[in-house]
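Peer 1: Handing you a structure now.
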Amino acid sequence: MDAAVFREPRKRATPVAGGEIAGLEFGPTDRPIDIVFVHANGFNAQTYRTLLSPLAASLRILAIDQRGHGETTLPAEPEGRRSWRDLRDDLVGLLDALDGPPVVLAGHSMGGTVSLLTTAERPERVKGLVLLDPVIMPWLAMLYAQAPWTSGQLWKRLPMVQGALRRRAVFDSREAAFAAYRGRGAFKTWPETMLADYVAGGLAERSDGQVELACAPAWEASNYAAQAHNPWRAVRHAKAPVRILKAEKHSTCHAGPGFARRGRDVRIETIAGTSHFLPMERPDIARDALFEMATG
């Protein structure tokens, strides 16, 4: 196997309106960016290192930290948010800043949805989409979230929102955080290497020697509550092929044949035995989908 697989990714910061988007770049520097990968809510670019590194033998990949996550410096004010349009606009700014031909946009959960929303704004900059259990609500729920009388207060009472607000934010060390997460809750099905990468990229040093979540619980909660965007509309404006890998259990993706018919070239595949953490549980399938879209 090519030695590039085992090289550490390079840190990269891309200036956009309001600050910089931090990222990790994999693969050869003498070719344009092939894939831009966007993480799930509360995660970070480094979480997906073991998913993306094997592709670096032949592809150049940029995994980013979204606003309010990792090392990205864009302001993250949770109050008053109703949608992920701010995250979409950040990704549009990143695509505008990149040189080279159209890229594959890919993402997990929220990152997949933001990638789809971005494609509707910059269809000429996107070669293909690979969405790993994206957050796509049923049509009627999405319409309700967009209604002018839904201020977000109802969404703030959802269990996922309340759970995020209660999340422990400060630990004595990264080792302590890793021990607290290992084998528990959402991390039960994660390989330890991916959990270690999540902890490495998702905790920031404090002046008192402790570490705290780079994605503040209030920001994570606001992402769960802010659902007034429209992926059902966005897929109609995507000119590139869209491949959706959907979890079999606890999926956040409610896209089916009706959603697929709205797009030009949309394939939806349910991956047996997986939960919402599909890229952690079946990185081989996710990796193959990324490679096929980038090289097809």
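Peer 1: Please state which one of Asp99, Asp90, Asp86 is acidic (Asp, Glu), in contact (Cβ under 8 Å) with a residue 24 or more places away in the chain and within 18 Å of Ala22 (Cβ to Cβ). So that I can check it myself, show each step before the final result.
Peer 2: On the way: Asp99 fails: within 18 Å of Ala22 (Cβ to Cβ); Asp86 fails: in contact (Cβ under 8 Å) with a residue 24 or more places away in the chain.
Selected residue: Asp90, the only one of Asp99, Asp90, Asp86 that is acidic (Asp, Glu), in contact (Cβ under 8 Å) with a residue 24 or more places away in the chain and within 18 Å of Ala22 (Cβ to Cβ).
Peer 1: Tell me which residues, restricted to segment 243-287, are under 18 Å from Thr50 (Cβ atoms) and surrounded by fewer than 12 Cβ atoms within 10 Å (Cβ to Cβ).
Peer 2: Scanning segment 243-287 gives a single hit, Asp284.
Peer 1: Which one is modelled with the highest pLDDT, of the residues in segment 155-171 that are in a loop (DSSP other than H, G, I, E, B) and loosely packed, with under 12 Cβ neighbours inside 10 Å?
Peer 2: Kept after step one, since they are in a loop (DSSP other than H, G, I, E, B), are these residues of segment 155-171: 158, 166-169.
Subsequent filtering for residues that are loosely packed, with under 12 Cβ neighbours inside 10 Å retains 166, 168.
Values: Arg166: 93, Arg168: 97.
That would be Arg168.
Peer 1: Just for segment 32-57: of the residues that are farther than 16 Å from Gly107 by Cα and modelled with pLDDT of 95 or more, which one is surrounded by the most Cβ atoms within 10 Å (Cβ to Cβ)? Step through it out loud before you land on a result.
Peer 2: From segment 32-57, those farther than 16 Å from Gly107 by Cα are 32, 54, 56-57; that's our starting set.
If we keep only those that are modelled with pLDDT of 95 or more as well, we get 32, 54, 56.
On the way: Pro32: 11, Pro54: 19, Ala56: 21.
Among those that are farther than 16 Å from Gly107 by Cα and modelled with pLDDT of 95 or more, it is Ala56.
Peer 1: Please count how many residues of segment 59-80 are in contact with a Gly (Cβ under 9 Å, 6 or more places away or on another chain), among the small types (Gly, Ala, Ser), at pLDDT 95 or above and not in a strand (DSSP E or B).
Peer 2: 2
Peer 1: Please specify each residue of segment 191-206 satisfying the condition of being farther than 20 Å from Pro217 by Cβ and either in contact (Cβ under 8 Å) with a residue 12 or more places away in the chain or part of a loop (DSSP other than H, G, I, E, B) (or both). Steps first, please.
Peer 2: Residues of segment 191-206 farther than 20 Å from Pro217 by Cβ: 191-194, 196-197.
The answer is Pro191, Thr193, Met194, Ala196, Asp197.
Peer 1: If you scan segment 172-203, which residues turn out to be surrounded by fewer than 19 Cβ atoms within 10 Å (Cβ to Cβ) and touching a strand residue (DSSP E or B) at 6+ places or on another chain (Cβ under 6 Å)?
Peer 2: Arg174
Peer 1: With the condition kept exactly as written, say whether any residue in segment 105-118 is surrounded by fewer than 22 Cβ atoms within 10 Å (Cβ to Cβ) and modelled with pLDDT of 95 or more. Let's see the steps before the verdict.
Peer 2: To start, the set of residues in segment 105-118 that are surrounded by fewer than 22 Cβ atoms within 10 Å (Cβ to Cβ) comprises none.
No, because not a single residue in segment 105-118 is surrounded by fewer than 22 Cβ atoms within 10 Å (Cβ to Cβ) and modelled with pLDDT of 95 or more.
The values are calculated or read from the model by the stated rules, or taken from the named source; none is laboratory data. Treat the numbers as computed from the prediction; the structure is a model and nothing was measured. Counting neighbours? That spans all protein chains shown, and the Cβs are built from the backbone with ideal geometry, glycine included.
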